[in-house]
Amino acid sequence: MKFISTILLQTKRNLQKTWPTQFMTLLTVSLSVLIFSFFFLIYMNMIKAGENLKDDLRLTIYLEDEPVLEMQMQLVRKITNFSPVDEIRFTSREDAFKRLAAQLGDNVDVLDDLDPSFLPPSIEVYPKKNLNTLAQIQRFSEYLATLPGAIKVQYGQEWVERFNYFTKLLRIIVFLSGFLLIMTTTFMVAYTIRLAVVARQAELEILRLLGATNGYIRTPFLIEGFLQGLLGSSLGLLALFFLYSWIEIRFTGPGILQLIDFTFFSPNMIGIIIAVSILLCTGGGFSSLRKFMRI
Amino acid sequence: MNIQPGNKSIIEIFKATKIYTPDVVALEDISLSVPSGEMLFVTGMSGAGKTTLLKLICGMEHPDKGLVEVAGKNLTRIKDKEIPRLRQQIGMAYQDFKLLPDRTVAQNIAMAMEVSYQNIRTIKKRVKELLQKLRLEHKHDALAGKLSRGEQQRVAIARSIANSPSLILADEPTGNLDSRTTRLVMDLFEQCNTAGATVIIATHDEAIYKNSIHRVLELYGGHILTQADRSISPLNNMP
C-alpha cells in the first residue's frame, strides 16, 4: 500500500512536470490509433460483407441444349467430384423464360413477340463456403466451362474481382497503418520517456544515492507509458466512434452502408486494441528505460 | 541487509587505494575500523582525501585496491540489488548538498524517506520535526534553489538524518554555517549518535572537534596520519 501510494505520488509529480510533452505524445498515440482503427473497421466490415457475398455466391453454367436426366446425373457427378456444393439447380429454357417474365413484372409485354425457348438452359451451382479465394472461384468456374454442353459460366466476375482487389488494398492499408501505430506509439512514448529521463537526470542521480530501488525509479515511467496507451487508445477509439455515428446518421438510406451492414467494433475488439496500445506504450517506455537509464 | 547498532564494527577498510584518472592518488593504503555507534571526525586539508573516504564508505566510489566493508558487506562485490537497501541505511550530507532546486525544502527532505516507502503521515511529521530542530520551519514550502547556502546546507543535513539511518556521513556539514547554527547542527548529530547511529563527520573546521571526546582521524595526502606523524602535520604547524 505504501509502495503504491509513494509510486503514484511520484508519477503525479512527473506528470505535472512534463505535461506538455506528455500531452503531445497522448495526441500522437490517439491519432495513430484513430488512423489504424479507421481502416481496420472498414476492413473488418468488408471481410464481413465478403462472407455475406460468399453466402450468395452462385455460378451459372449456360448450356447449349437441355440435358436429359441421365446427362443431368452425369453433370452433377462431375461437378461434385471437383468441389463439394450446397445445391445444384437445373433451369430449362421454359423455366428461364418464366423467371424473366416474373422479373419484368408490368413490362412483361416486351416478351410477347419472342420465342419462349430463346433463353438457354442453365445449371445454377451453389458452392460450399470452402471456396475462400478468388483464385479458387476462378478455378472452379474454369472447370465448369469445360463441362459437356457448357457455353459460358457467369458468377458476377467483375463485382467479385473488384471486391476482392478492394479488400486486398484495404488489407495493405490496415497493415501499413498498424505498422504506423506500432512505430509511432512505441517510438513516441520511448522518446518522451527518454526526454523525461534526460531532463530528470540530476533527480534520478540523487534518488539513487538516497537508496531508491529500480522499482521506485522505473515504475512511475512505466505507469506513464501505461496511461499513454490507455488514454491514447481510448481517445482514438472514442473519436472513431463519433465519426462512425456521424456517418451512420448522415448516410442513412439506401447506399453502401445498408448493403454491407456496417457495424462498429465489438467490445472484445475494443478491449484488444486498447490492450495492444497499452502493451506497445509500456514496452516503448521499458525499452527506453533500459537503454537510457543505467541503474 | 541490516546495519544494527551494537555490531562490533560497522566499517572495515583494509589497505584501500583510490586513484582518479589520470594519476591523482586520492587515498593510498588506508586501513580503518569504525565500531558501530561511534562518532568520528575525519579531518585534513582540502584534497587530503576526506570526501573520497566518505564516497568509498557509501559506495559512490570503489577502491582501486583494497577492501571496503560496510555492515559486513564487501562494497566492491555487493550485488546491484543490495545497494539501494544499504544506501537507505546510510544518511549522507554532501558537500555540494545535492538538493533539487525546483522542489520545496519539505519535498527535498521527504525524498530520503519516500525511497524507503515510509508512510506519508510519518514523513510529514518527521520533516516538520527536523525543520524545527534546524530552525527552518518557516522555509517548509520554500524552493530549495531560493535558499541561502547555509540554509541549503541545513536542508541537506536534515535529509541525511530524516530516515533515522544507522550510519550518518557528513561532508563538511558546517562549512557555510555561523557558530550558533554550527552548534545546532552538531547537537543534532550528537543526538543521532546517542540514539545509536554511527556518525562520521569530515571537516577541516577545528572548532567542532577540538574539544570533542570523540576520535579524530587526520588525513594528509591520501594517508591516515598516526600519532607520530601528527607532530609534523601541517595542520598542527599552522599559526
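Couple of notes before you dig in:
- The residue list B:51, B:71, B:119 was ranked by how far each Cα lies along the charge dipole of chain B toward its positive end, using unit charges on Cβ atoms, and B:119 comes out on top.
- Just so you know, the Rg over Rh for chain B is 0.96, from Cα atoms, with Rh as the Kirkwood radius.
- Helix B:120-133 vs. chain B, principal-axis angle (Cα, 0 to 90°, nearest 10): 70 degrees
- Phi to ³J(HN,Hα) by Karplus 6.51 cos²θ - 1.76 cosθ + 1.60 over the stretch B:105-116, Hz, x for Gly, Pro: 4, 4, 5, 4, 6, 5, 3, 4, 8, 5, 5, 9
- Rounded Å value of the spacing that divides the Cα centres of the stretch A:1-26 and the stretch B:98-135: 19 Å
- For chain A, built as a Gaussian network whose Cα springs stay under 10 Å, the top-fluctuating residue of A:162, A:200, A:250: A:250
- Candidates A:225, A:50, A:215, ranked by Gaussian network fluctuation over chain A, Cα under 10 Å, top entry: A:215
- Added length on full extension, which subtracts the Cα-Cα distance from 0.36 nm per residue, residue A:107 to residue A:268: 52.9 nm
- Most mobile of B:182, B:122, B:52 in a GNM of chain B (Cα contacts under 10 Å): B:122
- Given +1 at the Cβ of Lys and Arg, -1 at the Cβ of Asp and Glu and no other charges, the dipole of the protein assembly as shown around its Cα centre is 2940 debye to the nearest 20.
- Each Lys and Arg adds +1 at its Cβ and each Asp and Glu adds -1 at its Cβ; summed about the Cα centre, chain B shows a dipole of about 860 debye.
- Long-range amide H partners of residue B:98 with built H, under 5 Å: none
- Computed from the C-beta positions of residue B:191 and residue B:215, the FRET efficiency with R₀ = 25 Å rounds to 0.85.
- Under 5 Å from the amide H of residue B:119 lies no amide H of any residue 5 or more positions distant or on a separate chain, with H modelled from the backbone and absent for Pro and chain starts.
- The ranking of A:83, A:245 from fewest to most other beta carbons within 10 Å of each one's beta carbon is A:245, A:83.
- Top positive-direction residue, dipole computed over the stretch A:58-154 with Cβ charges, set A:92, A:120, A:135: A:135
- Farthest toward positive dipole pole in the stretch A:156-295 [+1 Lys/Arg, -1 Asp/Glu at C-beta], among A:204, A:188, A:222: A:204
A short reminder: the numbers here are calculations on the coordinates, not readings from a lab. All of these numbers come straight from a predicted model, not from anything done at the bench. Virtual Cβ from ideal backbone geometry, glycine too; neighbours counted across all protein chains shown.
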